[in-house]
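I have placed the structure first, in the form of C-alpha cells, so that the comments after it can refer back to it.
The values are calculated or read from the model by the stated rules, or taken from the named source; none is laboratory data. Keep in mind it's a predicted model, so treat the numbers as computed, not measured. When we count neighbours, we look across all protein chains shown, and the Cβ atoms used for this are built from the backbone with ideal geometry, even at glycine.
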Amino acid sequence: MHKGKPLILSIAAKEVLHILKDPRSLIILFLMPILQLVMFGYALKMEIQEIKIGVIDYSQSPVSRQLIDCFRGSEFFTLFSFEGEEDAINDLFMQRQAHAVMIIPMNFAGDLSREPLVDVQFIIDAADPNAGTIIRNYINQVILTFNESHQDLLPIPFDIRGTLLYNPDRKSTYFFVPGIVALLLVMISALLTSITITREKETGTMEQILVSPVKPHEIIIGKVLPYIILAFLIGIIILLIGIVLFQVPFEGSALLLLILSTLYIITALSLGLMISTVAPTQQVAMMLALVATLLPTFLLSGFIFPISSMPPLLQYLTYLIPAKYYLFIIRGIILKGSTFMQLFFPTLFLGIMSAVLLVASIRKFSTNLES
C-alpha cells in the first residue's frame, strides 16, 4: 500500500525540477505579466487628454471671456480662436484640427443677465461615439462650474450636486488595473498547467508515470501544487506593481484578497489542466489556453464592456467566465472595501467552477490512461 500524500509531494517535486531547469522560461513568466500590466495600464484609459476646442466668440464680452477661461482652467481642454466662418467648421473636423467647436452668440452677456437659459452652441466630433460622449460630459462639468460662479446674476432654482463614491476623481485606471490583474492571472495560470500533461506525452515520461503506483487524482494534484505557488507569487507581484505604479487605492482586506485570489488561481490552473488532458501537443495546448482565457476575459467578463449592455445570449455565456466573478471580488475589495459576505456568491461560483474543472480533468485523465 502506498500513501497518497508522499506520492503527491514527489510528483510536485518533479514538477518543481521541470520549472527550475528552465530559468529563461521562469524569467519570462515573471517579466511578461509585468510588461503587459504596464502596457495595458497606460494604454487602457477612458480619459481624453488635450481636447482641442475651436472658439467662435461673437459676444466679445467680459462674461464670454470668463466662460472661455473656465475651459482654459481645465486640464482636459486646449482652446484656440477660430476666425473662419461657421461653414468652415466641418473642415476643422475633417483635418482633425479640433474635437469640438464652441459658438458664443453675440447677445450672450445681455441674455445671461435676464434669462435663466442662454444658448451656447457646442459642435462635437462624434465619429468615435465613446469619445464624443466623454467630451460632452467634460463640457457639461465646465458649464456647471461656470453656472455656479454666476448664480449671483440669476439664481438657479435648484442646486443639484452629485456625490461620487469609490472613485471621485473618475480615473479609469482605478477600474482597469484590477481587470488587468484578473486577465493576466487567468492567462498565465492556464498557460502554466496547459502544457504539463502534454509535455509528459511529448518527452516520453508519461510511460514512467503509468507504471508507477500513482492514481490519476494524485498526478493531477501533484502537478497543480507547484503552479499554485508560482502563480500566487506572480499575482502578488503584478498586484503590488499595479497599486504602486498606478496609485490605485486599496480600501479592503489584503488577506481576504490573497485568499480569494488563490481560489481564482486554482480555477485557472484547473482550466489549464483540463486543456492539457485533451491537447495532443504543447503548442496546441498553449493556443487553446490563450483562446479560452484571453478573448473571453477581455470581452465577456465585464473587464471593459458592461455585461448589462450585451445581448442576452452573451450575458448567459458570461456565467462561464471565471474572470467575471473575480472582477467582482478584486474591484470590490480594492475600491470598495467589500467583505467576504458581500462577495459570497462570486466566491461560491468560483469554488464550484474550480471543483468541476478539477473533477473533469481527473476523469478525462483517467479515461486517457485506460485507453
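Filtering the stretch 269-308 to residues that are in contact (Cβ under 8 Å) with a residue 24 or more places away in the chain, within 20 Å of Tyr227 (Cα to Cα) and either touching a Phe, Trp or Tyr at 6+ places or on another chain (Cβ under 9 Å) or not aliphatic (A, V, I, L, M) (or both) leaves Leu269, Ser270, Gly272, Leu273, Ser276, Thr277, Thr281, Gln282, Thr293. Listed by position, the helices (runs of 4 or more DSSP H) contained in the stretch 247-321 that have at least 1 residues being among the β-branched types (Val, Ile, Thr) are 254-278, 282-300. Residue check: is Ile352 assigned to a helix (DSSP H, G or I) and either at pLDDT 90 or above or hydrophobic (A, V, I, L, M, F, W, C) (or both)? So Ile352 fits the description; yes. The residue that is nearest to Phe344 (Cα to Cα), among those in the stretch 257-270 that are crowded, with 17+ Cβ neighbours inside 10 Å and of a type in the set (A, V, I, L, M, F, W, C), is Leu260. Scan the stretch 322-339 and tell me whether some residue there is more than 27 Å from Ile275 (Cβ to Cβ) and without any contact (Cβ under 8 Å) to a residue 24 or more places away in the chain. No, there is no match, as no residue in the stretch 322-339 is more than 27 Å from Ile275 (Cβ to Cβ) and without any contact (Cβ under 8 Å) to a residue 24 or more places away in the chain.
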